[in-house]
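Let me begin by presenting the structure, written as structure tokens, before commenting on it.
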Amino acid sequence: MESKRVLGISLGTRKLGIAVVQGDRVPYFASKAFLEAWSEKKPRRILSLIDRYVSKFQINWIAIKTPRVTVESPKLSALQATIKDWAKEKGIEIHTYTVAECKQALGLHKRANKEKCMRLLVEQFPPLQSKYEQEMKNKSAHYEKLFEAIAVARALYQRLRL
């Protein structure tokens, strides 16, 4: 029997991390850029991308990493609400997690830094090694959202004990 699939999403107004977690595998992970200015089309483009992955990978659940309250924007909140409404129409259950909740689900201390979280995910999913090495060389965070998406999907996967 094939195991269930969770789509992890780390939202941003300019970057999106997306990952599919299925058991002890991550069959897909990516960081997507939406660099254009915010418009009515942008949320639709992001939702269209999510819809493609839900269909392609036959997603059972969606996990979204919520931003810290200090950085939350009205546009990001509206985007998250749009995704939740869409998922409800599709009959897909959505769960949201903060970074602290992801760390707890992964068995890390709430004060663990991002590098430690990424290393733990690389231990669990070795194909992430090259992205981790690239991220450590970068001066700015190119793959942060990708790792957050994997972490949030893994947190939900563990919570549901799939």
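Evaluating Thr82 against the criteria (1) hydroxyl-bearing (Ser, Thr, Tyr); (2) modelled with pLDDT of 85 or more; (3) not in a helix (DSSP H, G or I) leaves one unmet condition, (3).
The number of residues in the stretch 57-79 that are touching a residue at least 24 places away in the same chain (Cβ under 8 Å) and either outside any strand (DSSP E or B) or at positive phi (or both) comes to 12. None of Trp61, Trp38 is surrounded by 18 or more Cβ atoms within 10 Å (Cβ to Cβ), in contact with a helix residue (DSSP H, G or I) (Cβ under 8 Å, 6 or more places away or on another chain), aromatic (Phe, Trp, Tyr) and farther than 18 Å from His142 by Cβ except Trp61. A search for C-beta distances below 8 Å between a residue of the stretch 126-139 that is modelled with pLDDT of 85 or more and any residue that is of a type in the set (A, V, I, L, M) and surrounded by fewer than 11 Cβ atoms within 10 Å (Cβ to Cβ), counting only pairs 6+ apart in sequence or on different chains, returns nothing.
Scanning the stretch 140-162 for residues that are at pLDDT below 90 and acidic (Asp, Glu) yields a count of 1. Of all residues in the stretch 30-44, those that are at pLDDT 90 or above have Cβ atoms under 9 Å from Cβ atoms of residues that are acidic (Asp, Glu), 6 or more apart or on another chain, in Ser31/Glu144; Lys42/Glu36.
For first residues located in the stretch 14-26 and closer than 12 Å to Lys4 by Cβ, partners that are modelled with pLDDT of 90 or more and of a type in the set (A, V, I, L, M) and lie 6+ apart or on another chain with Cβ distances below 6 Å form the pairs Val20/Leu7; Val21/Val6; Val21/Ala153.
Inspect the stretch 66-82 for any residue being closer than 25 Å to Arg25 by Cβ and crowded, with 19+ Cβ neighbours inside 10 Å and give the result as yes or no. No - not one qualifying residue is present in the stretch 66-82. Applying the selection to the stretch 104-125, what residues are assigned to a loop (DSSP other than H, G, I, E, B), within 17 Å of the chain's Cα centre (by Cα) and modelled with pLDDT under 85? Leu106, the sole residue that qualifies. Applying the condition of being assigned to a strand (DSSP E or B) and charged (D, E, K, R) to the stretch 6-35 and asking which residue is surrounded by the most Cβ atoms within 10 Å (Cβ to Cβ) yields Lys15.
Report yes if some residue within the stretch 133-141 is in contact with a Gly (Cβ under 8 Å, 6 or more places away or on another chain) and of a type in the set (Asp, Glu); otherwise report no.
no
The values are calculated or read from the model by the stated rules, or taken from the named source; none is laboratory data. None of the values given here were measured: they were computed from a predicted structure. Because the Cβ atoms are built from the backbone with ideal geometry, glycine has one as well, and the counts that use them run over all protein chains shown.
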